[in-house]
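Visitor: Below you'll find the structure I mean.
The values are calculated or read from the model by the stated rules, or taken from the named source; none is laboratory data. None of these values were measured; they are calculated from a predicted model. All Cβ positions, even for glycine, are placed from backbone atoms using ideal geometry, and neighbour counts span all protein chains on display. All accessible areas refer to the heavy atoms of the entire protein, side chains included, with ligands and DNA or RNA removed. Shrake-Rupley method; radii C 1.70, N 1.55, O 1.52, S 1.80 Å.
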Amino acid sequence: GPAQRGWRGALGRLTGGLVALPPGPAEQRHRSAIARVQRDLDGPKTVVVINPKGGAHKTTATLLVAATFGSYRGGYTLAWDNNETRGTLGWRSQHGRHQSTAVDLLADLPRFDDPSRARVGDLDAYVRSQSAQFDVLASDEDAASAASIDAAAFRALHRTLSRFYRLLVVDTGNNMRASNWQAAIEAADQVVIVSTVREDTSQSAAWAVDALRAAGKEDLVRNAVTVLSDPATRRDAALARRLHDHFGRLTRVVIDVPYDAALVGGGPLDVGALSRESREAWLQVTAAVADGL
């Protein structure tokens, strides 16, 4: 179809469609990314977001990838906080009418054992619906709780959730040796490695890649998407080039996303508050993820 964006789209609107130019390169790239995000899948898929350092933007990436899939695919996407105890996905998402978490769902999993009786609507008592057409499953939020999620718990939850969602986007904790972290990697169809353009978070990401390769996960790493977030201060161009070179040799694609002040406050994610540049960058990230599914 004719251009809808930029000066080409504006010219078409001004002339009432008499001048209908084809889309320019940027709009073609945008349309291609949407088509890739909307591609058919051959079953439920699990995307796992990793970096064993706090502050690497794992939770932000989890929410934005899930929001982009949800917005363009129309739902059946879950962002899942797979921290052992307490993570921040519940804080960064829009709050629901309940405070149920993965621990509560785990305790009630027997009610979902009979596929003929369990319905997707029954999960509303445990997940939190988001305006960008995806759901959130938070980790334990009770400071006094001694509950934790281990490998067996993750597998049980994953088995049930995969019956109701086409896409599971899993936010991981910082302990790569935790059994639930390892179980998420075993279930992953696609890994997303996130880092800011800083020495500490990028070294942590590189260490995680080395550990996965040493554990026999070379194929998973080779198919991975690396996401590099710009810092709030001036970007270190030399470091960015080094990171592109390093992760570009080990993973399938490296994508830059801009700094966005709308994400800094730490409150619930508002996709509409993001800049157009940010939304486009995360669309390209999500399209790259879809390419690997």
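Visitor: Which one is most open to solvent (accessible area, probe 1.4 Å) among residues in the stretch 87-101 that are over 16 Å from ALA67 (Cα atoms) and in contact with an Asp or Glu (Cβ under 7 Å, 6 or more places away or on another chain)?
Guide: The extreme case among them is GLN99.
Visitor: Shifting gears a bit: Take SER229 and decide whether it is in the same structural domain as LEU168 (by the TED database) and touching a Phe, Trp or Tyr at 6+ places or on another chain (Cβ under 8 Å).
Guide: In short, yes.
Visitor: Moving to a separate point now. I want to confirm something. Restricting to the stretch 72-82 and keeping residues that are open to solvent by 30 Å² or more (accessible area, probe 1.4 Å) and of a type outside the set (D, E, K, R), which single residue is farthest from the chain's Cα centre (by Cα)?
Guide: GLY74
Visitor: Could you look through the stretch 113-130, keep only residues that are at pLDDT 90 or above and within 20 Å of LEU167 (Cβ to Cβ), and pick out the one that is surrounded by the most Cβ atoms within 10 Å (Cβ to Cβ)?
Guide: VAL127
Visitor: If a residue must be under 14 Å from the mean Cα position of the chain (by Cα) and not in a loop (DSSP other than H, G, I, E, B), how many such residues does the stretch 118-140 contain?
Guide: 3
Visitor: Residue check: is ALA153 in the same structural domain as ALA288 (by the TED database) and touching a His at 6+ places or on another chain (Cβ under 8 Å)?
Guide: No: the conditions fail for ALA153.
Visitor: Here is a follow-up. Only one of these is in contact with a Gly (Cβ under 7 Å, 6 or more places away or on another chain) and of a type outside the set (D, E, K, R): GLY248, GLY173. Name it.
Guide: Step by step, each of GLY248, GLY173 is checked, and only GLY173 is in contact with a Gly (Cβ under 7 Å, 6 or more places away or on another chain) and of a type outside the set (D, E, K, R).
Visitor: Applying the selection to the stretch 216-233, what residues are closer than 21 Å to TRP282 by Cα and either in a loop (DSSP other than H, G, I, E, B) or among the β-branched types (Val, Ile, Thr) (or both)?
Guide: Result: VAL221, ASN223, ALA224, VAL225, THR226, VAL227, ASP230, PRO231, ALA232, THR233.
Visitor: Can you pull out the residues in the stretch 253-290 that are part of a helix (DSSP H, G or I) and either open to solvent by 50 Å² or more (accessible area, probe 1.4 Å) or under 18 Å from GLY90 (Cα atoms) (or both)?
Guide: If the condition is that a residue be part of a helix (DSSP H, G or I) and either open to solvent by 50 Å² or more (accessible area, probe 1.4 Å) or under 18 Å from GLY90 (Cα atoms) (or both), then ALA261, ALA262, LEU263, VAL271, GLY272, ALA273, ARG276, GLU277, ARG279 are the ones that fit.
Visitor: Can you tell me which residue is farthest from ALA151 (Cα to Cα) among those in the stretch 80-113 that are part of a helix (DSSP H, G or I) and among the basic types (Lys, Arg)?
Guide: Across the stretch 80-113, the extreme among qualifying residues is ARG92.
Visitor: Inspect the stretch 205-215 for any residue being part of a strand (DSSP E or B), β-branched (Val, Ile, Thr) and either in the same structural domain as THR88 (by the TED database) or closer than 16 Å to ALA56 by Cα (or both) and give the result as yes or no.
Guide: no
For (1) in contact with a Lys or Arg (Cβ under 6 Å, 6 or more places away or on another chain); (2) at pLDDT 95 or above, each residue gets a yes or a no:
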residue: ALA146; (1), (2): no, no
residue: GLU186; (1), (2): no, yes
residue: ALA214; (1), (2): no, yes
residue: VAL221; (1), (2): yes, yes
residue: VAL225; (1), (2): no, yes
residue: ARG235; (1), (2): no, no
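Visitor: Scan the stretch 27-71 for residues that are open to solvent by 10 Å² or more (accessible area, probe 1.4 Å), hydrophobic (A, V, I, L, M, F, W, C) and in contact with a Phe, Trp or Tyr (Cβ under 8 Å, 6 or more places away or on another chain) and jot them down.
Guide: The answer is ILE34, and nothing else.
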